[in-house]
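Please treat every number below as a calculation from the coordinates, not as lab data. The structure presented is a predicted model; accordingly, all values stated were derived computationally and were not measured. Counting neighbours? That spans all protein chains shown, and the Cβs are built from the backbone with ideal geometry, glycine included.
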Amino acid sequence: MHPMLAVAGVFAVLLSCVGWFREVLPVEREEVVPVFEQPPVAQSSRGVQALRVGSNAHRMRLPLEVYPYSVGLKAGLAGGAAMAVVGCLFGLLTHGSIWYPINLLAAAGSATLTRADLCRARPIQSGGLILASVAHLSLSILVGDPLRGPLADLQPAPASDGLGVHPAARCPALPGRYSGR
């Protein structure tokens, strides 16, 4: 960050604070606003057509389907398994041992593995395996479950709406067959 940008930012914040405090201290400044009576609004005789659920022409967003927690659990475990495979492959290719990344993960919670040198981090450590497994499984489940809802919207649309494309591609602003028209 450029130092002048920081100075300008600090100056703008200080100037804003001074202006705000002058409005509220020592007594709040009040402004009298005149209120004019408005004529009553006439009720229309026209009706409103109800929106059809599942049509793409409206902007209504309803949770038409609620995904169970098991979706997030399975996604977290699948992601954790994929990370474990990639991590073990990394350890095998770079350090010649699949146990190296496992011991590194366990070192985050073990003082003895934190002080271990490279020769001691390569072979399997029973305590490290247990500690890394618990940490990796719990973090995988915790990451998978809170993301269950937002990521469920990224799945392709059900075949019943006839499009089968990502919801963002059905935006009315996009031309062509994805516009829902």
If packing is taken as the mean number of other Cβ atoms within 10 Å per residue, what is the order of 129-135, 81-87, highest first?
-> 129-135, 81-87
Sparse-neighbourhood loop hits (chymotrypsin sites (Phe, Trp or Tyr not before Pro), segment 1-41; DSSP loop; Cβ within 10 Å at most 13 others) -> F36
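Can you give me the Rg/Rh ratio for segment 69-146, using Cα atoms for both radii and the Kirkwood formula for Rh?
A ratio of 1.03.
Which order do the peptides 95-101, 68-74 come out in when sorted by mean C-beta neighbours inside 10 angstrom, highest first?
On the way: 95-101: 17.3, 68-74: 13.7.
Per-residue Cβ counts within 10 Å, averaged per peptide and sorted highest first, yield 95-101, 68-74.
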Which ³J(HN,Hα) values, rounded to whole Hz and listed in residue order, are derived for segment 88-96 from phi using the Karplus coefficients 6.51, -1.76 and 1.60 in 6.51 cos²θ - 1.76 cosθ + 1.60 with θ = phi - 60°, glycine and proline given as x?
-> 5, 5, 4, x, 5, 6, 8, 10, x
